[in-house]
Amino acid sequence: MQDPTQLPEWENLLALSRGSSSSNIADLFDTNPDRVKGYSVSCGGLYLDYSKNLVSDEVKNTLLALASASKLESRIKAMFQGERINITEDRAVLHTALRSREKSPIEENGVSIGDAIERQRNLLQIFSERVRAGDWKGSTGKTIRTIVNIGIGGSDLGPKFVCQALEEFAHPEMGFHFISNVDGACIRSLLNRLDPETTLFIVQSKSFTTQETLLNTSAAIRWCEENLGLEQAQASTHFVAVTANRAEAEAFGIQSAQIFEFWDWVGGRYSLWSSIGLPIALMVGYPRFMELLNGAATMDDHFRSAPFEANMPVIMALLGIWYSNFLGADSVAVIPYCERLGLLPSYLQQLDMESNGKSVSLEGKQLSYTTGPIVWGQTGTNGQHAFFQLLHQGTRLIPVDFIATVRDDLSSPAQHRVLLGNMLAQSAALMLGHPEVGAPPHQAYPGNRPSNTILMGRLMPTNLGALIALYEHKVFVQGVIWNINSFDQWGVELGKKMAKELLGGESGSNTKFDASTRHLLDLIEGHSGK
Ligand code: F6P
């Protein structure tokens, strides 16, 4: 493990970034007619064209050399073999074992994780099949037909994103809802529209201590009790839990047989492959849930075995390093040209920013270089009518990932053609610009703005699984090169602790807080209920 800035490859990249060898993307196409071939890679039903990047062969080779010098190969092995690479929490990082086609031989604390995974998969299959078949009844004997997922962060974003993406395959008689925010208006307005007799709540929380989730669950319990005449509604068939803290879920009153488990070695933001994927299995069926896992496993195999120069996650990670650390980009835009992938940017925000938003090294030293970028975006063509102005003519360098499905059976061929035509036009316009001689300055498009394009076939569980795993591994590779721990998230703890202190203290008397915060709290409390 080392400071990457001390590596000769880093120095070389710095020199290249100051030179002109990669200064114009269009010129790179002129000098190499085979550029598209050399700058594209396929895996798991995904095709990545990365030719529209500000990257010459020399830059690409030096980036690949940086990856090798960063001991990436041994770090990949360490993750897959279950070494405790999450050093600040002393945990292994084994979300890849959840989707592996072979039973994992790894043991954690003397327990076979392969056995544990199989057991939970079986439970998930049995339960999801029962509910989908109409065999799971509420307290009044009616069939459960509405699922409400209560969870936040990784216990919400993954299943929510995948459920939206795969809505084409949804059970025709079931409805799915996701509640995350502690803003009580969300759950109240949802519950007003639901029938308690046919509603099942899935309480998803790795820790089972998350304030938002427990408060929303309490509201759901009260609603069931008031409307169904139940006592301790959390012990009824209207509540199941998914957690890595069974004891806490049991203490909360959830029936032991209605608790699905996962483990410390699955990070929250990497947990959709575990029992946290229950809403997905309920919505699209267990076999399709397994196809999702299979797609991710295909990307895992590729990531472990492909040489770096043909390795999709490695390539995408290196491009990001080039822009962040050498060309000064501080954000990356993710623009899916598919409305059903609309939650991808939010999902990636947690994946990337919670993983790589770090400023100390694995050795605990303050870093002198930039790490994780700001990830943002939304679907095209909507974004074209909102923020694309800044992409085309703003002062910042913002690399873009365009993502599209070449086939969409839910759309009409004519409209889908327009959708994809727009995407291609945008990436071409960003790169080529329009330096018309004599045009007024406000009509000039500087161009030379980079992008990746990821094409997939019809949106299916398999290629969706591969897409998510692609980004997971991209984030991992960047974390390795930056020499940071991508698997903890200590930065979110202080705010949680202070919120508890603030809410627990007497109004206006909490001297731990600054004058501004105390004054604002007084104003809020003075107005609450008015
Ligand atoms: O606040 C951050 C976080 O810890 C995430 O990493 C996690 O996905 C989320 O909260 C939810 O945590 P839990 O699943 O324990 O409720």
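The values are calculated or read from the model by the stated rules, or taken from the named source; none is laboratory data. Just so it is clear, the structure is predicted and the values come from calculations on it, not from any experiment. Every residue, glycine among them, receives a Cβ derived from its backbone with ideal geometry; neighbour counts consider all protein chains shown.
So which residues in the stretch 123-143 are touching a helix residue (DSSP H, G or I) at 6+ places or on another chain (Cβ under 6 Å) and more than 26 Å from residue 459 (Cβ to Cβ)?
Listed by number, the residues that qualify are 136, 138, 139, 140, 142.
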Hey, does the stretch 283-294 have a residue that's crowded, with 23+ Cβ neighbours inside 10 Å, within 17 Å of residue 149 (Cα to Cα) and in contact with a strand residue (DSSP E or B) (Cβ under 8 Å, 6 or more places away or on another chain)?
-> yes
Out of 464, 494, 503, sole residue that is at pLDDT 90 or above, away from the ligand (no atom under 16 Å from the Cβ) and not hydroxyl-bearing (Ser, Thr, Tyr) | 464
Of the residues that make up the stretch 225-239, is at least one in the same structural domain as residue 151 (by TED's automatic domain parsing), out of contact with any Cys (no Cβ under 9 Å at 6 or more places or on another chain), modelled with pLDDT of 95 or more and farther than 25 Å from residue 143 by Cβ?
-> no
Within the stretch 151-176, work out how many residues are more than 16 Å from the ligand (Cβ to nearest atom), part of a helix (DSSP H, G or I) and buried (at least 21 other Cβ atoms within 10 Å of the Cβ).
-> 2
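Please pick out the residue among 360, 332 that is surrounded by 17 or more Cβ atoms within 10 Å (Cβ to Cβ), assigned by TED's automatic domain parsing to the domain that holds residue 472 and of a type in the set (Val, Ile, Thr).
Going through 360, 332 in turn, the sole match is 332.
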Could you tell me whether any residue of the stretch 206-213 is away from the ligand (no atom under 13 Å from the Cβ) and not assigned by TED's automatic domain parsing to the domain that holds residue 355?
-> no
Hey, can you tell me all the residues within the stretch 139-150 that are buried (at least 21 other Cβ atoms within 10 Å of the Cβ) and not polar (S, T, N, Q)?
-> 144, 147, 148, 150
Of the residues that make up the stretch 486-504, is at least one in contact with an Asp or Glu (Cβ under 8 Å, 6 or more places away or on another chain), surrounded by fewer than 16 Cβ atoms within 10 Å (Cβ to Cβ) and over 29 Å from residue 373 (Cα atoms)?
-> no
Top-ranked residue of the stretch 324-338 - restricted to ones that are outside any strand (DSSP E or B) and within 24 Å of residue 422 (Cβ to Cβ), ranked as farthest from the chain's Cα centre (by Cα) = 329
Among residues of the stretch 138-150 being over 29 Å from residue 411 (Cβ atoms) and touching a strand residue (DSSP E or B) at 6+ places or on another chain (Cβ under 8 Å), the residue nearest to the ligand (Cβ to nearest atom) is 150
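Results for (1) within 27 Å of residue 321 (Cβ to Cβ); (2) buried (at least 21 other Cβ atoms within 10 Å of the Cβ), shown as yes or no for each residue.
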| residue | (1), (2) |
| --- | --- |
| 347 | yes, yes |
| 380 | yes, yes |
| 397 | yes, no |
| 403 | yes, yes |
| 407 | no, no |
| 419 | no, no |
| 428 | yes, no |
| 432 | yes, no |
Helices (runs of 4 or more DSSP H) lying entirely in the stretch 34-90 (those with 2 or more residues that are surrounded by fewer than 16 Cβ atoms within 10 Å (Cβ to Cβ) and in contact (Cβ under 8 Å) with a residue 24 or more places away in the chain) | 57-69
Could you list, in sequence order, the residues of the stretch 215-246 that are under 27 Å from residue 94 (Cβ atoms) and within 14 Å of the ligand (Cβ to nearest atom)?
-> 241, 242, 243, 244, 245, 246
Among residues of the stretch 187-223, those that are within 24 Å of residue 128 (Cα to Cα) and touching a residue at least 60 places away in the same chain (Cβ under 8 Å), counted | 10
Hey, among 439, 466, which residue is more than 23 Å from residue 28 (Cβ to Cβ) and touching a Cys at 6+ places or on another chain (Cβ under 8 Å)?
-> 466
Among the residues of the stretch 307-316, is there at least one that is in the same structural domain as residue 333 (by TED's automatic domain parsing), in contact (Cβ under 8 Å) with a residue 60 or more places away in the chain, in a helix (DSSP H, G or I) and β-branched (Val, Ile, Thr)?
-> yes
Residues of the stretch 254-282 satisfying the condition of being part of a helix (DSSP H, G or I) and within 15 Å of the chain's Cα centre (by Cα) | 268, 269, 270, 276, 277
Just one of 277, 253 is out of contact with any Leu (no Cβ under 7 Å at 6 or more places or on another chain) and either within 16 Å of the ligand (Cβ to nearest atom) or not assigned by TED's automatic domain parsing to the domain that holds residue 201 (or both); which is it?
-> 277
